[in-house]
Amino acid sequence: IVLCVAIIGCCISMALPLAHLVSIGTGFGLTLNEAGWIFSATLTAAFVSRVLFVGFLSDRYGGMWALFCFSALQAAMVALLAYADSVYMLYIVGIGFGLGYGGIFPVYAVIIREYMPPQEAGRRTGIVFLFGAISMGIGSWMGGAIFDAYDSYDIAFLIGVVANCFNLVIVGALLTKTRPREPEAAVA
């Protein structure tokens, strides 16, 4: 249940740039194609993060610490996105955001593996990811609704940072109060 609540905060924050980064780029005067390159750089960074950093951080420090690191990076980049004032800043923040968000979703599966019995992993992963998917829909919609109301994404991004910080508080509490389960002995 706690992971379901935690994923809400990070996925609301995650969806805001993912759904609106191209629109932000066109707001800076870029063509759709040029703004798409910023989005491509973000997704490439997310791929690199998943391939290189999820396993490394999870194996070395544990899934919960990895989630805390990825989520903190994502929160910082979403906050910076509210203050981006140039195309170059959009690229930098987009790449940093990609590195953060790229590791978040897969590391939840690692955490479930570390903390839950193996026979529960599939069901619990599905439930946690369902909460994440719903939250991403809420975050995407919220960004558009706030932009339509205020002609700016700044408030939406700051709300996303607050939601992400809510996630960080939950993950931080879990880090101090829980321990991963001991792996079961292999049966011959």
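The values are calculated or read from the model by the stated rules, or taken from the named source; none is laboratory data. Just so you know, these numbers come straight off a predicted model, no measurement behind them. Neighbour counts run over all protein chains shown; Cβ positions are idealised from the backbone, glycine included. Side chains are part of the model used for accessible areas, which takes the heavy atoms of the whole protein and leaves out ligands, DNA and RNA. Shrake-Rupley method; radii C 1.70, N 1.55, O 1.52, S 1.80 Å.
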- Out of the range 73-98, which residues are over 11 Å from residue 157 (Cβ atoms), open to solvent by 50 Å² or more (accessible area, probe 1.4 Å) and either in contact with a Ser or Thr (Cβ under 8 Å, 6 or more places away or on another chain) or part of a loop (DSSP other than H, G, I, E, B) (or both)? 85, 95
- Which of the following residues is in a helix (DSSP H, G or I), within 22 Å of residue 55 (Cα to Cα) and either free of Cβ contacts under 8 Å to residues at least 12 places away in the same chain or among the β-branched types (Val, Ile, Thr) (or both): 126, 102, 172? 126
- Query: Given the conditions (1) at pLDDT 95 or above; (2) over 19 Å from the mean Cα position of the chain (by Cα), which single one is not true for residue 29?
  - Reply: (1)
- Determine whether residue 66 is open to solvent by 40 Å² or more (accessible area, probe 1.4 Å) and either of a type outside the set (Gly, Ala, Ser) or under 23 Å from residue 175 (Cα atoms) (or both). no
- Task: Identify, by number, the condition in (1) of a type in the set (A, V, I, L, M, F, W, C); (2) under 12 Å from the mean Cα position of the chain (by Cα); (3) open to solvent by 20 Å² or more (accessible area, probe 1.4 Å) that residue 47 doesn't meet.
- Result: (2)
- Task: Among the residues of the range 110-145, write down those that are open to solvent by less than 40 Å² (accessible area, probe 1.4 Å), among the hydroxyl-bearing types (Ser, Thr, Tyr) and closer than 18 Å to residue 58 by Cβ.
- Result: 125
- Task: Please find, within the range 1-31, the residue that is farthest from residue 86 (Cα to Cα) out of those that are of a type outside the set (A, V, I, L, M) and open to solvent by 10 Å² or more (accessible area, probe 1.4 Å).
- Result: 4
